[in-house]
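The values are calculated or read from the model by the stated rules, or taken from the named source; none is laboratory data. Since the model is a prediction, treat every value here as computed from it, not as a measurement. Backbone-built Cβ (ideal geometry, glycine too); neighbour counts: all protein chains shown.
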Amino acid sequence: MKQLHLWLSLPVGLVISITCFSGAMLIFEREITESVQREYYFVEEVGTQRISFEDAIAAVEPMLDAEQRITGITTFSDLERAWKVNLSSPKGAAVYVDQYSGEVLGAPERLPLFKTMFRLHRWLMDSRPADGGVFWGKVIVGISTLALVVIILSGVVLWIPKSVKMWKNRSLVAVRKGWHRFWYDLHVSAGFWATIILLIMALTGLVWSFAWYRDGFY
């Protein structure tokens, strides 16, 4: 188990680090995007009277392509936030409308930073082959995630203490016994406490990597 844990971690660690970093960036996409493109998401002035949903739909419909349709309107408790008119395509598309003036604020596009982070997170910046060949970026991320599951489970086996004293030592981090001991304890203790979270992320992330896993998962 020790050899499996060590030697799998060396090659897989880099891929998992990139995947985790880019995934962490994507978590804050909405907050960052709304700060950078505030003109789409917030109205300039809060009015006293709102337009009807029918008026909002009528304002957006002339902008739609033939294959697009409106699927709903999202409103917010924050009076400064514009209404979000959701579209059927492309995925996640929406147009924002000032609910007081009826002005169409526009349809914001995904920031280049997060387009890059998404490709890095899912495919290591690879692109799907036009000829239907092997999608290597996707495969590498998927295999690395499978390996992470093995790394986590082997780490749990290695962590299991043989005595009550060892249980305490492996649950805490020593801060006065040198840097080597500090990093070792941090890895052992934090790794154990994060096991459930890491397993959930790995086992759910595999849904996007392999069709056979996705079918079995659902």
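Within segment 1-40, the set of residues being β-branched (Val, Ile, Thr) and closer than 30 Å to Arg81 by Cβ comprises Ile27, Ile32, Thr33, Val36. Total residues in segment 1-54 satisfying the condition of being charged (D, E, K, R) and either outside any helix (DSSP H, G or I) or closer than 30 Å to Trp208 by Cβ (or both): the figure is 7.
Candidates are the residues of segment 176-218 that are of a type in the set (Lys, Arg) and exposed (fewer than 13 other Cβ atoms within 10 Å of the Cβ); the one that is modelled with the highest pLDDT is Arg214. The number of residues in segment 64-75 being closer than 16 Å to Gly102 by Cα and loosely packed, with under 13 Cβ neighbours inside 10 Å comes to 1.
Among the residues of segment 70-96, what is the count of those that are not in a loop (DSSP other than H, G, I, E, B) and not hydrophobic (A, V, I, L, M, F, W, C)? I'd like the intermediate steps shown before the answer.
The initial filter retains those residues of segment 70-96 that are not in a loop (DSSP other than H, G, I, E, B), namely 70-74, 81, 83-87, 94-96.
Now narrow it down to the ones that are not hydrophobic (A, V, I, L, M, F, W, C): 71-72, 74, 81, 84, 86, 96.
Residues flagged as not in a loop (DSSP other than H, G, I, E, B) and not hydrophobic (A, V, I, L, M, F, W, C) within segment 70-96 amount to 7.
Here Glu61 does not qualify as touching a Phe, Trp or Tyr at 6+ places or on another chain (Cβ under 6 Å) and loosely packed, with under 15 Cβ neighbours inside 10 Å.
Ala174 meets the conditions (1) closer than 20 Å to Leu8 by Cα; (2) in contact with a Lys or Arg (Cβ under 9 Å, 6 or more places away or on another chain); (3) among the small types (Gly, Ala, Ser) in every case but one. The failed one is (1).
Of all residues being small (Gly, Ala, Ser) and over 26 Å from the mean Cα position of the chain (by Cα) in segment 155-175, which is modelled with the lowest pLDDT? Just the residue, please. Filtering first and then ranking leaves Ser163.
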